[in-house]
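Just so you know, all these numbers are worked out from the coordinates, no wet-lab data involved. No experiment lies behind these values; they were computed from the predicted model shown. All Cβ positions, even for glycine, are placed from backbone atoms using ideal geometry, and neighbour counts span all protein chains on display.
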Amino acid sequence: MNESINLAPLTTLGVFVLGILFTPLMRKWDSYLSSLKNKKVLYTELSDCRLYLKSIAIEHFKLLYTLETQVDINENISQIPVPIVNKFDLDFLKDFYKECLVLLSIDERHLVRGIPEELINIKTMSSNFLHDITEDHYYNLRAVRNILWGACSLYCNINDLLNGRYNRSETLDSIDSTKVALLEFGFSYEQMETAKAFKSILTEEQRNSLNASQNFFMQ
């Protein structure tokens, strides 16, 4: 009479071996799912940031347009509201950026890391502009353009990131990105020309040279 074989030890051993083999894989999978979740949250916050920048750009373009079109024969301007740039909450970067690094390319990480500094710079330029108006009673249109260019440039970069096409070596310069953004916001080339949105103390050759050198050092 044949004795039945006890498979329990073999089954236990098999489960133990499979556990050793698959536990690291399951941990990696859990880490991937967690990173994917955090990336979605990060992108949601970046989408809010994009709307924030759009609002800044539109308000400052309207200010430029008004300043250029409502000047009387004595070059006086009636009282007009000045846009106020509120601080944007940057805590989302601390909370979610590091948790989804593995899902971002080198270019994307470089962009996201630089967003806080660019937003602070835009806020600082706005505060300085408001100070000039309220304390010194004068305004500098170049300051308004700088705020507009900064907001549009960062808007375009974040927009490319959210649409999966951001490439650091192919980013537009500040003036070209402003044209792209303003067209997207519904403004015409004629309105841009009237507002003198692209007036610069630099020549086109100087801007191209500056942009080329920036691309060189960024690569």
Which of 154, 182, 51, 67 has the fewest Cβ neighbours within 10 Å, and the rest in rising order: 51, 67, 182, 154
Sites residue 67 and residue 165 - FRET efficiency at Förster radius 30 Å, r taken between beta-carbons, to 0.05: 0.30
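Past 26 Å, Cα to Cα: identify those pairs from 62/98; 62/179; 62/87; 37/179, in the order given.
Pairs exceeding 26 Å: 62/98; 37/179.
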